[in-house]
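The values are calculated or read from the model by the stated rules, or taken from the named source; none is laboratory data. Since this is a predicted model, take the numbers as computed values, not measurements. Reconstructed Cβ throughout: ideal geometry from the backbone, glycine too, with neighbour counts over all protein chains shown.
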Amino acid sequence: MRILKMDSKYLKEFLESLRMFGKLYGPIWKRDVLTHDHVENVDDLVLDGEHTLIPVKKLFHPKRFNTMRFNEEGFTPNYSMFEKRVLIGAHPCDIHSLLRLDEVFLTDPADPYYKGLRENTAIIGFSCLPTENSLCRSTGTDIVESGFDLFFVDLEDIYLVWVGSSLGHDMILEKEEFFDENVTHADIQKYIQWREMRNDMFKKSFNFRDMPDIMELSYNSEIWDYFAEKCLSCGSCTMVCPTCNCYTLTDVFDVTNKTEGRRERVWDSCMFVDYSLVAGPHNFRGKRADRLKLWYTHKLKAFGGEYGRPACIGCGRCVDTCPVDINVLTIAEAFTSCEVPAK
Amino acid sequence: MTKTQQIENPYIPEPARIVRHYDLVKDHRFFQVRHVDMKRAMSFTYNPGQFIMLSIPGLGEAPFSISSTPSRPGILEMGIRKVGKLTEALFKKKDNDIIYIRGPYGNGFKIDQMRGKDIIIVAGGLGVIPLRSILYYVLDNRDQFGRLFFLYGAKNPDEILFKTEFFQLKNRVDIECLYTVDVDTSGEWTEAVGVVTRLFEHLPEIDPSRSAAVVCGPPVMYKYVIQELLKLKIPKNQIQMTLERKMECGVGKCGHCVLDHLYTCIDGPVFTYWDTLHFRELI
Ligand SMILES: Cc1cc2nc3c(=O)[nH]c(=O)nc-3n(C[C@H](O)[C@H](O)[C@H](O)COP(=O)(O)OP(=O)(O)OC[C@H]3O[C@@H](n4cnc5c(N)ncnc54)[C@H](O)[C@@H]3O)c2cc1C
Ligand code: SF4
Ligand code: SF4
Ligand code: FES
């Protein structure tokens, strides 16, 4: 892969130039919440590594949208959300989360909505520094080798820029004068120091590699009951987890007298009590402990016969968010030590 | 985007016509449907054990097993129980009305592994709907299989589905039909009384390594039926069962049909008993 160098003073102008490749999206502050949204002004972009509350999946697997319209004549798909976009500021874990979602949504038969949004969006990654709860070093997702068009590593006065695709290369060519092929020994030293500094900044870690076996062995453990008693079934963990893909469909009639309306798709949560309810009514997972087990099976053990590996990419959002401290850290800790967390 | 035409969208339901319908028993109705597009109707093929997603615009979509056999192409058959919004609307439809379907989905039975073997079909209640597909498949390809045993139990005689059809099968010499009801409320029931596992007493001797079993029924039934099959020493990977989970997409995307780490809609709905030993959440 080609790696170039850019003086930091060109950043703003370069990002501005990307508008010719699509509408700019990235992390910006909106009503006191950091969120991925349309970027009017590149100065609004938050590129220092802070995490958005809702992960980047929302741009590819929208929280609520119309999949199709229906009337007496049948169903017509709705692709009005497709537009050329450039997503700026994706962290390594964000990119890994998209690669995981790809395994679900792009496996044959591909989900046309996710696929359309994905194919129309360029990914401009940015390096970040660990937050209080970052766990990506434990999950091996703290660096990326693929899944971006360009990736910027911030070394203060310069950026090292990884060119990950032909489109990324075209973006560079548009502003060729900003980029320098000549990465010096001093630059390399700086990069190594940055890596070491970043590695030392992680405050939390867990035993991700051994978790599949530990989860399997602990399936009948009474420790699950401890967590189940605390869980509020609020579903926050599934909303903030970047690799949660579940959704539900609802037909909504227009306010007319005719058979006309839309088939709407909305994020769903396996933590909700009615998630596995079927006609009968028979609920395959009425107990809270069973729902928690399911979630942590996916995050820490295995995910789908087709999709393979556990889905956690170590963003730490479940640690930030769960009101009663149920998260990959407390779960991993409890099942590794076979003890429930101290109060 | 103007390329709408070229985008493959597995979620778009295709129009199909209700060709015929009749009531099986109270609140259970039999439907024959055919794609409106005749070419599609004739080329549409599937495996016994697969299902389709059925839509009525405005009332949603749900999975239903295909009850017909691919050996009789052109028509899809389903047996449907009225339980809620979508099924109630479906029961209001008349012959020639249009509904929407997509599929077929799921893996279906592993027929290749069943060829040359004696086949034991064990159905409880509604479970007979998907098993009717494999039943007729075996009958239509009779020379490819060994002996055929069809065990079917319902709560009472009023709940026996496909009664006329299945009692006619009793006249055939190439299938052994064993039917039972938990309780005989009618006083006119001529077959066995008792739970479906009691029918195993009537099976002749079998060679377990040359036998394959398929099972479908209410969740409580599996445990007891499997015990009987294991007593006969049928290998665990030659016992297939079809499982039901909530489903929304049918193609492995929505997550609803999850069973341990598998998605029932793509990894199932047919699993061998051996498969199920590896996952913790069962039935
Ligand atoms: C692979 C597969 C194959 C299937 N094959 C068949 C088949 O061949 N035939 C068949 O009939 N069905 C079959 N089903 C089940 C079928 O999909 C459901 O019956 C169908 O989804 C019901 O849809 P509905 O809109 O009519 O019901 P809904 O409106 O969704 O109503 C059912 C829901 O209402 C609620 N509900 C129902 N009754 C009560 C109650 N008494 N109290 C409280 N809540 C209640 C439950 O939440 C339930 O989920 C199959 C399912 C799967 C997964
Ligand atoms: S399980 Fe927690 S840490 Fe892992 S990806 Fe999901 S939210 Fe992030
Ligand atoms: S684990 Fe925490 S965030 Fe998730 S549903 Fe339970 S209480 Fe809510
Ligand atoms: S029904 Fe959607 S994943 Fe199986």
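Summary of computed values
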| read-out | value |
| --- | --- |
| Residue tally, condition touching an Asp or Glu at 6+ places or on another chain (Cβ under 7 Å) and farther than 20 Å from B:Asp275 by Cα, over segment B:232-253 | 1 |
| Failed criterion for B:Asp267 (all others in (1) within 18 Å of the chain's Cα centre (by Cα); (2) within 10 Å of ligand 1 (Cβ to nearest atom) hold) | (2) |
| Residues being within 9 Å of another protein chain (Cβ to nearest Cβ), at pLDDT 65 or above, under 28 Å from B:Phe64 (Cβ atoms) and not in a loop (DSSP other than H, G, I, E, B) - total across segment A:267-298 | 3 |
| Residue list for segment B:42-58, restricted to those being surrounded by 18 or more Cβ atoms within 10 Å (Cβ to Cβ) and more than 16 Å from ligand 4 (Cβ to nearest atom) | B:Phe44, B:Tyr46, B:Asn47, B:Pro48, B:Ile56, B:Pro57, B:Gly58 |
| So B:Arg72, is it out of contact with any Phe, Trp or Tyr (no Cβ under 6 Å at 6 or more places or on another chain), in contact (Cβ under 8 Å) with a residue 12 or more places away in the chain, in a strand (DSSP E or B) and surrounded by fewer than 20 Cβ atoms within 10 Å (Cβ to Cβ) | no |
| Whichever residue in segment A:111-130 is assigned to a loop (DSSP other than H, G, I, E, B) and buried (at least 20 other Cβ atoms within 10 Å of the Cβ) and, among such residues, is nearest to the other protein chains (Cβ to nearest Cβ) | A:Asp111 |
| Residue in segment A:299-312 that is under 16 Å from B:Gly252 (Cα atoms), facing chain B (nearest Cβ under 7 Å) and at pLDDT 80 or above present | no |
| Among the candidates B:Phe150, B:Phe166, B:Phe162, residue that is in contact (Cβ under 8 Å) with a residue 40 or more places away in the chain, outside the structural domain of B:Asp23 (by TED's automatic domain parsing) and within 19 Å of the chain's Cα centre (by Cα) | B:Phe162 |
| Single residue of B:Pro63, B:Pro57, B:Pro15 found to be within 14 Å of another protein chain (Cβ to nearest Cβ) and in contact with a Ser or Thr (Cβ under 7 Å, 6 or more places away or on another chain) | B:Pro57 |
| Qualifying positions in segment B:198-218 - over 19 Å from the mean Cα position of the chain (by Cα) and over 21 Å from B:Phe145 (Cα atoms) | B:Arg198, B:Leu199, B:Glu201 |
| Strands (runs of 3 or more DSSP E) wholly inside segment A:142-259 that include at least 1 residues being surrounded by fewer than 16 Cβ atoms within 10 Å (Cβ to Cβ) and away from ligand 3 (no atom under 16 Å from the Cβ) | A:247-253 |
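Per-residue answers, yes or no, for (1) at the interface with chain A (Cβ under 10 Å from one of its Cβ atoms); (2) over 16 Å from B:Lys223 (Cα atoms); (3) touching a residue at least 60 places away in the same chain (Cβ under 8 Å):
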{"position": "B:Lys233", "(1), (2), (3)": "no, no, no"}
{"position": "B:Gln240", "(1), (2), (3)": "no, no, yes"}
{"position": "B:Leu243", "(1), (2), (3)": "yes, no, no"}
{"position": "B:Lys246", "(1), (2), (3)": "yes, yes, no"}
{"position": "B:Cys257", "(1), (2), (3)": "yes, yes, no"}
{"position": "B:Tyr263", "(1), (2), (3)": "yes, yes, no"}
{"position": "B:Phe271", "(1), (2), (3)": "no, no, no"}
{"position": "B:Asp275", "(1), (2), (3)": "yes, no, no"}
